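The next block holds one structure in the form of C-alpha cells; read it before the comments.
The values are calculated or read from the model by the stated rules, or taken from the named source; none is laboratory data. Fair warning: this is a prediction, and the values are worked out from it, not measured in the lab. No Cβ is skipped: glycine too gets one built from the backbone with ideal geometry, and neighbour counts run over all protein chains shown.
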Amino acid sequence: MLLTTIDLWIALDKLVLKEIPMLKDYNSDISAVPLANLLLRRSTSIGRLRRARQYLSRCHSRTDSKSSIFSQATSEETFAVRYHNQSSSLQGLKGRIEEAALQEIDKKTEELKRANEQHAKVKLRADGIHHTYATLGATKRHAPNCRKCNLEGKLNSMKLEVYEWPLPDDELHAAIVVFELACPLTFSTWRYAMFRLLFSLSKSHRSRGKRPFLLSNYHALQPYFSRRPRSHITLASSSRPVEHRTLFIPATEDQIHVENSLTFFGFNTWEGIPVANSFSKVDIKRYCTYELQEGPYCGLQPYIIGTTHTSNHVLAGQAECPKELSIH
C-alpha cells in the first residue's frame, strides 16, 4: 500500500514538474521517506521500489537549495514569490486589488472630509447655544428637549468605519498572499498530497491550538479568492483584521486608513495545524513491522521494531517480564 502511494505521488510529481519546472529548484520533502524498511517478496515489487528510490534520490540531488515548499522563511527565492514575479496573471490580480483599494481610499477620504465638515458645523451650533433646564421638585435637570444636549449627543455618535489596506505592506508577503489567492490547481493538489503523505508518516504530530483567522474568510479579498477543491492548505493569521472597527469623528486620514494587520503563515485546515515543521520525524517502521496482539508478548513490541537496543537495556528490562512468561 505504501509503495503504491509513493508510485502515485511520483506520477503526480512528474505531471506537476512538467507544468511548473520551477519546482525542480526546491527541496522535495518526500525524498526523506525511508523506504529501506519495506520488506517485499516479488521481484516486480522490488523493481518498483528500486525505481522509486532512484526517483526520490534524484529529487533530493537535483538542487542545491534546501528551501522547502512548506518553509515559513520568506525571501526573494521563496517559491510563491518567484512564481508571482514571473506570472503576468498574478501580477495583474495584484494590480486589480491595489487599484480597487486605492478607489476605496479615495471614497473613504471624501467620506471623512464630509463627516469632519458636518461635525464642525454641528459643534459650532452646539457651542452657540446654552442648555435648557427643567425643575422637578427641588432638582434642576437638563430638559428632555434640550437642543444643546441633542446636538452634543449627535456629535458623540458620529463615527466612521476604518479602512484596512487588503494586502501586507511588505512586498514579499503581499506576493505570497496574491499567489495563494489564485495558485495553480495542479500545484495546490500536489502540495496537499505531499503534505498528507508526510503527515501520515510523521511521528511528531502537533496538537491543535486556537484556530487562526483564515485567508478565505477575509472579506476584503474574498472577491479575488479561487477555491481549490480537496486542497486544505491555505494561509492563516494569528491576528485578525480591523473589519467593522469604527473611529469617532473628527479624525485624520492616517487614522481612517490603516496598514494591513494580518501576519500570514501556511496552515492546514483539515488537521488544524500550521504546515511548517509538521513532519520533522518521518518514519515508516510501524507500518512495516508486525504488531503483537494484546497478551503476555505485547511488551516485546519495542524489540521487534528495531535492533538499536543494547544488551544492558534488555537485561535491565527483565524485571518487566510478565508473570505468564519465564525469562529463562
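Brief remarks on what is shown
- Restricting Glu180, Glu171, Glu111, Glu98 to residues that are surrounded by 12 or more Cβ atoms within 10 Å (Cβ to Cβ), in the same structural domain as Pro241 (by TED's automatic domain parsing), closer than 30 Å to Arg230 by Cβ and modelled with pLDDT of 90 or more narrows the list to Glu180.
- Complete set of residues in the range 248-271 that are surrounded by 19 or more Cβ atoms within 10 Å (Cβ to Cβ) and under 24 Å from Leu102 (Cα atoms): Ile249, Ile256, Asn260, Leu262, Phe264
- When residues of the range 1-47 are limited to those that are basic (Lys, Arg) and at pLDDT below 90, the one surrounded by the most Cβ atoms within 10 Å (Cβ to Cβ): Lys24
- Test: residue in the range 143-162 that is part of a strand (DSSP E or B), modelled with pLDDT of 90 or more and of a type outside the set (A, V, I, L, M, F, W, C): yes
- Evaluation of Leu35 against (1) without any contact (Cβ under 8 Å) to a residue 60 or more places away in the chain; (2) not assigned by TED's automatic domain parsing to the domain that holds Leu247 (one fails), failing number: (1)
- Residues satisfying the stated conditions in the range 293-302, i.e. within 17 Å of Asp283 (Cβ to Cβ) and surrounded by 12 or more Cβ atoms within 10 Å (Cβ to Cβ): Gln301
- Residue match in the range 294-307 (condition: under 22 Å from Lys210 (Cα atoms) and among the β-branched types (Val, Ile, Thr)): no
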